[in-house]
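As structure tokens, the structure follows; a few thoughts come after it.
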Amino acid sequence: MRFSAFASRNSKELLRDPLSLIFCIGLPLFLLVLVAVVNRNLPPVEIFKIENFAPGTAVFGFSFLTLFSGMLIGQDRSTSFLTRLFASPLTGSDYILGYSLPLLPIALLQSVIFFVVAFFLGLPVTVHVLTTLLVLIPAAVLFIGFGLLFGSIFTDKQVGGFFSVFVWLEVFVSGMWLSLIHISEPTRRTPISYAVFCL
């Protein structure tokens with residue numbers, strides 16, 4: 001459990017900026033409420049029905065985990081904190097766990113709040129929501145891993161710029177605006193669409 005002290009330090013670093021955490025949870029909720037209101041007042045669009053739009057938006061919300069983990073490790077690299085840590089007995093796995101574990105509770109809290117709000121907007125309350133929450137855990141780990149990768153390659157300032165490109169890529173492959181179900185139909189499946197659907 002050598003990584004526990006390091007993970008605790010990273011948790012405190014994340015909590016030092018509560019506005020970012022509020023934005024992390026608030027923006028996906030704002031998009032969900034906005035689309036739900038628009039879809040009720042305009043001719044309904046299949047992709048924007050709450051049961052179709054909510055899961056894609058939940059995945060989109062994880063993009064901020066990428067930003068947080070990338071900025072955290074990027075700042076540590078720029079301040080030589082990470083270099084000093086190399087003198088500690090931490091292993092590579094300890095570093096990964098120390099940066100990743102503080103973000104997992106944020107991902108879980110984000111998903112739970114998101115689906116509770118979605119219930120009030122008309123999402124059917126079924127056991128499949130629990131399955132969805134379980135499926136979202138590996139997705140959250142994936143996005144945190146992207147952030148660690150970006151933070152290891154880029155500086156903390158470069159991570160923010162690259163993140164804007166990453167967000168647009170995620171919007172198109174998360175299922176928010178494009179129906180991945182139609183992309184996956186055998187009659188329309190191409191190598192590119194198949195790759196997008198698997199992602």
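Some values worked out for this structure:
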| read-out | value |
| --- | --- |
| More than 14 Å apart - percent of Cα-Cα pairs taken over segment 1-41 | 64 percent |
| Accessible heavy-atom area order of E170, E51, highest first, probe of 1.4 Å | E51, E170 |
| Cα-based Rg of segment 47-105 normalised by 2.2 N^0.38 Å, two decimals | 1.58 |
| Where F64, F154 fall by accessible area, highest first, once all protein chains stay in place (1.4 Å) | F154, F64 |
| Percent accessible area from carbon and sulfur atoms, segment 33-94, protein chains only, probe 1.4 Å | 65 percent |
| Separation between Cα centres of segment 40-97 and segment 132-152, rounded to whole Å | 6 Å |
| Segment K12-L27, length gained on full extension (0.36 nm per residue, minus Cα span) | 3.1 nm |
| Rel. contact order, % - alpha carbon contacts under 8 angstrom, at least six apart, segment 1-119 | 47 percent |
| Karplus-derived 3J(HN,Hα), 6.51/-1.76/1.60, for each residue of segment 90-99, Hz, glycine and proline x | 5, 9, x, 5, 5, 5, 4, 5, x, 7 |
| Whole-percent pair-distance distribution, where bins are 10 Å wide, for the alpha carbons of segment 1-150 | 10, 37, 28, 16, 7, 1, 0 |
| J(HN,Hα) series, segment 129-136, from Karplus relation 6.51 cos²θ - 1.76 cosθ + 1.60, nearest Hz, glycine and proline x | 5, 5, 4, 4, 4, 5, 5, 6 |
| Full-extension gain in nm, L133 to R2, via 0.36 nm per residue minus C-alpha separation | 44.3 nm |
| For segment 80-87, 3J(HN,Hα) per residue [Karplus equation, 6.51 cos²θ - 1.76 cosθ + 1.60, θ = phi - 60°, Hz, x = Gly/Pro] | 6, 5, 5, 5, 5, 5, 5, 7 |
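The values are calculated or read from the model by the stated rules, or taken from the named source; none is laboratory data. These figures come from a predicted structure and were not determined experimentally. Ligands, DNA and RNA are excluded from the accessible area calculation, which covers all protein heavy atoms including side chains. Shrake-Rupley method; radii C 1.70, N 1.55, O 1.52, S 1.80 Å.
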